[in-house]
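Participant: Take this structure, written in structure tokens, and hold onto it; I'll ask about it next.
The values are calculated or read from the model by the stated rules, or taken from the named source; none is laboratory data. Worth saying up front: this structure is predicted, and the values here are computed from it rather than measured. Here the Cβ positions follow ideal geometry from the backbone for every residue, glycine too, while neighbour counts run over all protein chains shown.
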């Protein structure tokens, strides 16, 4: 199936790879991601009120879930999900255009020279 694809899988893998040390902006972004993830995990660990955890697990604003929000039993799941997000962030940052067009039709330069 992938052999018939016109998509360059190798190039995509390069875009999604972890940043090199000379990619300082992307390295800082990955550091920020790790800090955010760790704060979320710390907050979850410090929250012992079951009703709050039920609201966090609820897909609806009207009613709390019957099962509280909690981590997967396999501790490697968080690491795997985090790596997926890191790769997505790297891919998005490397493939984003240098200039973005907003709804008004004006261009906003997102990158510094």
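Participant: In region 51-98, which residues are loosely packed, with under 10 Cβ neighbours inside 10 Å and over 30 Å from residue 15 (Cβ atoms)?
Facilitator: Correct list: 51, 59, 60, 61, 62, 66, 73.
Participant: Right, residue 37: modelled with pLDDT under 85 and touching a helix residue (DSSP H, G or I) at 6+ places or on another chain (Cβ under 8 Å) or not?
Facilitator: no
Participant: Now a separate question. Pairs under 6 Å by beta carbon, first residue loosely packed, with under 10 Cβ neighbours inside 10 Å in region 1-18, partner part of a helix (DSSP H, G or I) and at pLDDT 80 or above, six or more apart or different chains?
Facilitator: Every condition considered, no pair remains.
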